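The values are calculated or read from the model by the stated rules, or taken from the named source; none is laboratory data. A quick note: this is a predicted structure, and the numbers were derived from the prediction, not measured. Glycine gets a Cβ as well: all are built from the backbone with ideal geometry, and neighbour counts include every protein chain shown.
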Ligand code: SAH
Ligand code: SF4
């Protein structure tokens, strides 16, 4: 999700707390049902206990073991001492002024931060989740890229973000409909944990979300994209393209030097062939940088005839990048040019512009404020 740098805050952030104690406890969302069963049978528990706990986790979204009322008291106590259902604490929470976007800054057990955003639309309830703390890819316009790579998230840390939002919605008698892997980090760089989380979220025995209701977004890690295509997963793939020539993309996305556009487009075509699914291209429109009619023509020529869709998102400015969002007129001209090439596109509204609803932006601001106050 694109970050925004706008001072019109609707909420005061919760003051930063010291990091929680190091993770001596097992995050139960890191385990599948067989692993949970093994974990409990080692404690001498009957096999059906795992199923009971699983239902509390994936159907009722209970936040702590005390709420698992059909378990013996002693077991609940032991679980509370040795395991956890919430592998992070809320360091800051902000709501957009229209009340439709809610942004969480979570602090992990080792003190690192991730961001998770809940967006409510007329019909959809979408959560945007992180897969890494920081990111190694260094895209120049991205707040997460600007902070560098800190670490991969475990599958349980990824799943728990979704469960947290499912719980929030359930408390309002509502439910989650979509998940986008567009928060902090590059999902395909943390391939194994991301796919384990994806499986858990879509598994009928897990959260049971329709696989097509999720979207994985990648900066274009070609070998991992090919692997994803070979696995023929039902979950759609979005590719952050942002430029149609190597000269331009090299400036914005360092990884382009390793897998330049011709190689990336070959992998995109391979994905479409293998899965029969449409691929989405993300394009952050930066005034005077990648928003000219000529660049729209280059993009049109590049993807013409391919089963694809383009998402146009006016840039959300970030602290360390001078680029500005394109004006409405330039966005319109870009989109009109794409239609001339028969390429379908949607202009995405920037959600939560007043709460830095993009990867890395909230952490950046809160930590800068904390440093200023110290
Ligand atoms: N690493 C993945 C997913 C996380 S970023 C990827 O790059 O695809 C999610 C999306 O937000 C990407 O399309 C990314 O290019 C875009 N993005 C990042 N910073 C942005 C900004 N400042 N303005 C607009 N879009 C941005
Ligand atoms: Fe990483 Fe995606 Fe940001 Fe690039 S845009 S730095 S890949 S999170």
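Quick look at the values:
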{"item": "Filter result (surrounded by fewer than 21 Cβ atoms within 10 Å (Cβ to Cβ) and part of a helix (DSSP H, G or I)) within region 272-299", "result": "272, 273, 274, 275, 293, 294, 295, 297, 298"}
{"item": "Hey, residue 141 within 14 Å of ligand 1 (Cβ to nearest atom) and farther than 9 Å from residue 185 by Cα or not", "result": "yes"}
{"item": "Test set (1) under 25 Å from the mean Cα position of the chain (by Cα); (2) on the phi < 0 side of the Ramachandran plot - residue 262 fails condition number", "result": "(1)"}
{"item": "Answer residue from region 196-227, given it is within 15 Å of ligand 1 (Cβ to nearest atom) and under 19 Å from residue 31 (Cα atoms) and is surrounded by the most Cβ atoms within 10 Å (Cβ to Cβ) among those", "result": "197"}
{"item": "All positions within region 62-74 that are touching a helix residue (DSSP H, G or I) at 6+ places or on another chain (Cβ under 7 Å) and either buried (at least 16 other Cβ atoms within 10 Å of the Cβ) or more than 16 Å from residue 166 (Cβ to Cβ) (or both)", "result": "62, 65, 66, 68, 70, 71"}
{"item": "Per-region count, region 230-256, residues within 14 Å of ligand 2 (Cβ to nearest atom) and without any contact (Cβ under 8 Å) to a residue 40 or more places away in the chain", "result": "3"}
{"item": "Some residue of region 283-295 being modelled with pLDDT under 95, more than 18 Å from residue 343 (Cβ to Cβ) and within 16 Å of ligand 2 (Cβ to nearest atom)", "result": "no"}
{"item": "Some residue of region 86-97 being touching a strand residue (DSSP E or B) at 6+ places or on another chain (Cβ under 8 Å), part of a loop (DSSP other than H, G, I, E, B) and closer than 22 Å to residue 201 by Cα", "result": "yes"}
{"item": "Matching residues, region 300-344, being in contact with a strand residue (DSSP E or B) (Cβ under 7 Å, 6 or more places away or on another chain) and surrounded by fewer than 13 Cβ atoms within 10 Å (Cβ to Cβ)", "result": "344"}
{"item": "Subset of region 148-160 [without any contact (Cβ under 8 Å) to a residue 60 or more places away in the chain and touching a strand residue (DSSP E or B) at 6+ places or on another chain (Cβ under 7 Å)]", "result": "148, 149, 150, 151, 152, 153"}
{"item": "Test: residue 116 is away from ligand 2 (no atom under 16 Å from the Cβ) and either in the same structural domain as residue 250 (by TED's automatic domain parsing) or closer than 30 Å to residue 248 by Cβ (or both)", "result": "no"}
{"item": "Output for region 121-142, where each listed residue is free of Cβ contacts under 8 Å to residues at least 24 places away in the same chain and under 15 Å from the mean Cα position of the chain (by Cα)", "result": "none"}
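A quick yes/no check of all residues on (1) under 18 Å from the mean Cα position of the chain (by Cα); (2) over 30 Å from residue 51 (Cα atoms); (3) within 15 Å of ligand 2 (Cβ to nearest atom):
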residue: 156; (1), (2), (3): yes, no, no
residue: 165; (1), (2), (3): yes, no, no
residue: 170; (1), (2), (3): no, no, no
residue: 191; (1), (2), (3): yes, no, yes
residue: 199; (1), (2), (3): yes, no, no
residue: 215; (1), (2), (3): yes, no, yes
residue: 225; (1), (2), (3): yes, yes, yes
residue: 228; (1), (2), (3): yes, yes, no
